Amino acid sequence: MKNLIKAFVISALVLSTFLPFSCKVTEQGIVLLNTNEYKFPELDSFSVTGEKSLRLAFTESVELEECLLTPDIGISSKTVQNSWNGNLCLYEIEFSEKFQVGRSYSFYGVVTDRTGNSLSFSLPFSGFNGDVPELMITEVHPKYTSSKLSSGTVFKCEYIELLVTKGGNLAGLELFSANDGSEKAYKFPALEVKTNEIILVHLRSKGEGIENELENDIGLSTGKYASPFARDLWAENETARLGDDMDVILLRNTWDGSVLDAVTYAPSGAADWKSVEMAEAALSAASFGAWNSEAVGGAVCSDGMTATKSFLRTGKFGDSDSWCLSKTSGETPGVLDFSY
């Protein structure tokens, strides 16, 4: 009997040098799992699907053993789709109360698979925005300069002007520049805005008089290009933003990835976009109907752009015919250049 046990142990050791395995203790004994065949579960995706609901997708069938939300909101239902959707195990979590728009939350959970392997996770997210406004980009000032005067240095920084065509909450919206990349996108605060408001997003915070106008008083900010007729918002940034003569700017809804508005610009002689990121952003703008062409030839002409000029919107449509380059010192922050 001892020789039989010894032979089994030696055989197991020899096999282990050839076959990677994991094991599980069951009522029937030890079960060896070939890890070349077995796939451990992973969290494939996580999304906020409503004002009080979440969805989790796992690569393998799992049991959601524990879950909680902080700040604390009770869970009213937890359902799993046993039928596979693209080979994903889907969990729908419904909460007893609505999320506060724009508030930071963390969802914690632990799942186990059929072999007893566990996966714990912590997922940060912001409260869902069910009242997304409609906005239109109306001016882009892409170049930066500074001037030294007797009264001090004046910083003429990059900014983007927008018109609110339908009121709502700005939470979850962002201004993305393909020249800068997603990490430098300006993310709007959870702020209620009204129809016909003008918003100025200043992409550098340099100089005096910088104030984010988050309440009703839109005259707080007195920095360069701030306007008493617009709501001034300032990015926490002091470095370069936007391409000087070529860029694709998208107004995006981060909840669903949709492009709400866009503007593209490039020199007249450009044969193609400078980067893959610009080409992809232009394609996204065209796919969502925010701009009429993904081609660099369909962009607003940037020939003659200087630090004292802006791209001004002159029409309602998302195409180069609805934009023009201003004259020198023709920037008009807070003032629309067309009738909507």
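A few notes on this one:
- The listed peptides 50-59, 209-218, ordered by packing as a protection proxy, come out as 50-59, 209-218 (highest mean of other Cβ atoms within 10 Å first).
- The stretch 196-241-the stretch 129-158 distance, computed between alpha-carbon centres (Å): 8 Å
- Listed values for the stretch 92-108 are Karplus-derived 3J(HN,Hα) couplings in whole Hz (6.51 cos²θ - 1.76 cosθ + 1.60, θ = phi - 60°), namely 10, 10, 10, 9, 7, 9, 6, 5, 7, 4, x, 6, 7, 10, 9, 10, 10, and x replaces Gly and Pro.
- Cβ-placed point charges (K, R +1; D, E -1), dipole of the chain about Cα centre in debye, nearest 20: 640 debye
- Axis angle, to the nearest 10 degrees, between helix 2-16 and the longest C-alpha principal axis of the chain: 20 degrees.
- SER61-ASP256 FRET efficiency (beta carbon distance; Förster radius 41 Å; 0.05 resolution): 0.90
- Taking the charge dipole of the chain about its Cα centre, with +1 at Lys and Arg Cβ atoms and -1 at Asp and Glu Cβ atoms, the residue from SER147, LEU214, TYR340 reaching farthest to the positive side is SER147.
- VAL300 long-range amide H proximity, modeled H, under 5 Å: THR264, TYR265, ALA266
- FRET E, pair ILE73, THR328, Förster distance 51 Å, beta-carbon r, rounded to 0.05: 0.40
- Cleavage-rule hits, GluC sites (Glu not before Pro), the stretch 129-195, DSSP coil, Cβ neighbours within 10 Å at most 15: none
- Built amide H within the under 5 Å cut-off of GLY102, gap 5+: GLY127, PHE128
- Efficiency of FRET from Cβ geometry, THR153 and GLU97, R₀ 56 Å, rounded to 0.05: 0.65
- Estimated inter-spin distance, SER339 and LYS194, nm [label 7 Å along Cα→Cβ]: 2.3 nm
- Here the extension length gained between THR112 and SER182 equals 21.8 nm, from 0.36 nm per residue of separation less the Cα-Cα distance.
- Angle between the chain longest axis and helix 276-287 axis [Cα atoms, degrees, rounded to 10]: 80 degrees
- Value of Rg to Rh for the chain, rounded to two decimals, is 1.15; Kirkwood radius and Rg both from alpha-carbon coordinates.
- The chain, helix-only ellipticity at 222 nm - DSSP H runs n ≥ 4, -39,500 (n - 2.57), divided by all residues, nearest 500: -2500 deg cm²/dmol
A short reminder: the numbers here are calculations on the coordinates, not readings from a lab. The structure displayed is predicted, hence computed values, not measured ones. Ideal geometry is used to build each Cβ from the backbone, glycine not excepted, and the neighbour counts take in all protein chains shown.
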